[in-house]
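Encoded as structure tokens, the structure appears first; notes follow it.
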Amino acid sequence: MIKDNRRSGFTLLELLTVMAIMLLIMGLAVGAFVGMGKGDRLRAGVSNIRSTLSVARQTAICKGTKCAVQFDKAKKSWNITEYNRGGTVQAVRENYFLPQGISFESMDLPSGDSKLVFRSDGGLGKPGEFTIKIYAPKDLTERKEVIIINGLTGITKSATET
């Protein structure tokens, strides 16, 4: 009787080839997921600012007074200041912050500083469009989001700038 000395199984070369293919596929998958979060944070920042502007505008209209949104570029934050009918400060709401890794790039606002004041009609009292730009400094795509505020109506919209 002849004995067969061959063993069944895979060779070292076959195993290394399969492992190399698996590492390549995993590397591509991880690369696709890494970039997803950056855009989400930028969109979240735009959404937060637009929501705050909308609340300030609605507060001014409902209460028939002025309501301001004050931005602080250095702290990457903003707050809402409500005024009473006499024009004195009635309340200052807590600070809101941009998501981590997102910064203000520029602000073109009617007062020339970092404050938007909504009047009782919901507008800013000056014609034209005013902008707030935010971006992710460490994002290699250099994508920026622009919030555009209509001076007469106070209504906001956003756009992507590359």
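Values in this text are rule-based calculations from the coordinates and carry no lab data. Predicted, not measured: the structure shown is a model, and the values here were computed from it. Ideal geometry is used to build each Cβ from the backbone, glycine not excepted, and the neighbour counts take in all protein chains shown.
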message = Students often forget the sequence filter, so: which lysines lie under 29 Å Cα-Cα from Lys126 once same-chain residues fewer than 8 apart are removed?
response = Lys63, Lys66, Lys73, Lys75, Lys76, Lys115, Lys144, Lys157
note = With Cα coordinates, the longest principal axis of the chain makes an angle with the long axis of helix 36-63, in degrees rounded to 10, of 20
request  = Identify, among Tyr96, Gly64, Ile155, the residue whose Cα sits farthest towards the positive end of the charge dipole of the stretch 37-161, taking +1 on the Cβ of Lys and Arg and -1 on the Cβ of Asp and Glu, with the dipole about the Cα centre.
outcome  = Gly64
query = Taking the Cα-to-Cβ direction at Ser106 and at Leu23 and moving 7 Å from each Cα, how far apart do the two end points lie in nm?
reply = 4.7
key: Within the chain, longest stretch free of exposed GluC sites (Glu not before Pro) [DSSP loop, at most 11 other beta carbons within 10 Å]   = 1-93
remark   = Computed on Cα atoms, Rg of the stretch 37-161 relative to 2.2 N^0.38 Å comes out at 1.04
message = Rounded to the nearest 20 debye, what is the charge dipole size of the chain about its Cα centre when +1 sits on each Lys and Arg Cβ and -1 on each Asp and Glu Cβ?
response = 280
All-pairs Cα distance distribution in the stretch 37-85, expressed in whole percent, bin size 10 Å = 25, 44, 23, 7, 0
message = Counting other C-beta atoms within 10 Å, and keeping those with at most 16, which DSSP coil chymotrypsin sites (Phe, Trp or Tyr not before Pro) do you find in the stretch 115-162?
response = none
task = Return a whole-number percent for the relative contact order of the stretch 1-111, with Cα pairs under 8 Å and 6 or more residues apart as the contact set.
result = 18
key: Nearby aspartates and glutamates by direct alpha-carbon distance to Lys133 (threshold 15 angstrom, same-chain neighbours under 8 apart not counted)   = Asp72, Glu105, Asp108, Asp113, Glu142, Glu145, Glu161
remark   = Its Cα gyration tensor gives the stretch 98-162 an equivalent ellipsoid whose semi-axes in whole Å, largest first, are 25, 11, 9
key: Using θ = phi - 60° and Karplus 6.51 cos²θ - 1.76 cosθ + 1.60, couplings along the stretch 144-151 (whole Hz; Gly, Pro as x)   = 10, 10, 10, 9, 10, 10, 6, x
